[in-house]
Amino acid sequence: MIDSGIEYPKPLPKLNLENVSNEMGFTPLEIVALQNIWRLFKKRFKYHSMQIFLAFFNQNHKLIERFRLPSGKFQLNYLCQHSEKMLLLYENVIDKCLDNMANFHGIMADVTVNHRHYGVKYEDINLKSEHVRRYILDYFANQSSPTLVSALAKLSEHFNNRHRPKERDSKSDESEEDS
């Protein structure tokens, strides 16, 4: 037999059993956990949206003032749709962005601009994302796992970081206060 240097059948590459994080910081198991819980969440999307809305604004009633017009009237259409739009944002991120930071920044760009325009602060986003995280973990307590808890914490942190004030923003705020 002539040795031609060709190995047949080609050996399989070594299987990497490590749970390696992607560029967004999610492991494959965390991505699957988020997608699975969101599949359950979507079955009663309107119900969850309303429950999150009611519970959040009952606990943080001062934040409802962000939806008041200068004339004193509430922007009821924005107020009622806020929770639903926010959950649709979660859905888009879970479906399309858990493995791609560029897609995440693209989806979040308009949201961040709108929030800055309306004076939404990092603390407000932190409150809301924490509320959504706790709601999902409480409602789906029987389906929860440490992987899901970790994944939801990372997802909330990504939303929060997108709204975290940059150092130059906080320095300009301090200089305005000194004036």
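Points worth noting:
- Residue list for the stretch 110-140, filter: at pLDDT below 95, farther than 19 Å from Asn60 by Cα and surrounded by fewer than 17 Cβ atoms within 10 Å (Cβ to Cβ): Asp110, Thr112, Val113, Asn114, Arg116, His117
- In this entry, Ile107 is excluded by the filter for residues that are of a type outside the set (S, T, N, Q), more than 25 Å from Glu23 (Cα to Cα) and part of a helix (DSSP H, G or I).
- Looking only at the stretch 63-88, residues that are surrounded by 11 or more Cβ atoms within 10 Å (Cβ to Cβ) and either at pLDDT 85 or above or in contact with a helix residue (DSSP H, G or I) (Cβ under 7 Å, 6 or more places away or on another chain) (or both) come to 15 in all.
The values are calculated or read from the model by the stated rules, or taken from the named source; none is laboratory data. On a predicted model such as this, the values are computed, not experimentally measured, just so you know. A quick note on method: Cβ atoms are made from the backbone with ideal geometry, for glycine too, and the neighbour counts reach across all protein chains shown.
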